[in-house]
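Enquirer: Input: one structure, supplied below.
The values are calculated or read from the model by the stated rules, or taken from the named source; none is laboratory data. None of the values given here were measured: they were computed from a predicted structure. Heads up, the Cβs are rebuilt from the backbone with ideal geometry, glycines too, and the neighbour counts pull from every protein chain shown.
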């Protein structure tokens, strides 16, 4: 444990920020799971409706600094590809 007052405060702030980032990452994971479940069920309508919402959540996490730009872009590209592959299969 730190002895300096500034370091004690820094530890508290870092913990709080970590919890916030953890919840944002969790939100992304949960919505991606729902989207992937719709893809697995081959529910094109639901997946098409969910894609903009999923992209929005990922972009918000990126703008908040939770994900780097390339990571967010990769996630969006993979999810979009899942939908396009499903549409081509139908």
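Yes/no matrix, rows are residues, columns are (1) outside any helix (DSSP H, G or I); (2) under 17 Å from the mean Cα position of the chain (by Cα); (3) at pLDDT 95 or above; (4) more than 26 Å from residue 86 (Cα to Cα):
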residue: 19; (1), (2), (3), (4): no, yes, yes, yes
residue: 22; (1), (2), (3), (4): no, yes, yes, yes
residue: 27; (1), (2), (3), (4): no, yes, yes, no
residue: 33; (1), (2), (3), (4): no, yes, yes, no
residue: 42; (1), (2), (3), (4): yes, no, no, no
residue: 51; (1), (2), (3), (4): no, yes, yes, no
residue: 54; (1), (2), (3), (4): no, yes, yes, no
residue: 59; (1), (2), (3), (4): no, yes, yes, no
residue: 73; (1), (2), (3), (4): no, yes, yes, no
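Enquirer: Given the conditions (1) in a helix (DSSP H, G or I); (2) surrounded by 12 or more Cβ atoms within 10 Å (Cβ to Cβ), report the number of the one that residue 15 does not fulfil.
Expert: (2)
Enquirer: Checking residue 68 against (1) exposed (fewer than 13 other Cβ atoms within 10 Å of the Cβ); (2) in contact (Cβ under 8 Å) with a residue 24 or more places away in the chain: exactly one of these is not met. Which one?
Expert: Of everything listed in (1) exposed (fewer than 13 other Cβ atoms within 10 Å of the Cβ); (2) in contact (Cβ under 8 Å) with a residue 24 or more places away in the chain, residue 68 misses just condition (2).
Enquirer: If residue 87 meets every condition in (1) modelled with pLDDT of 95 or more; (2) in a helix (DSSP H, G or I) apart from one, which number is that one?
Expert: For residue 87, the failing item is (1).
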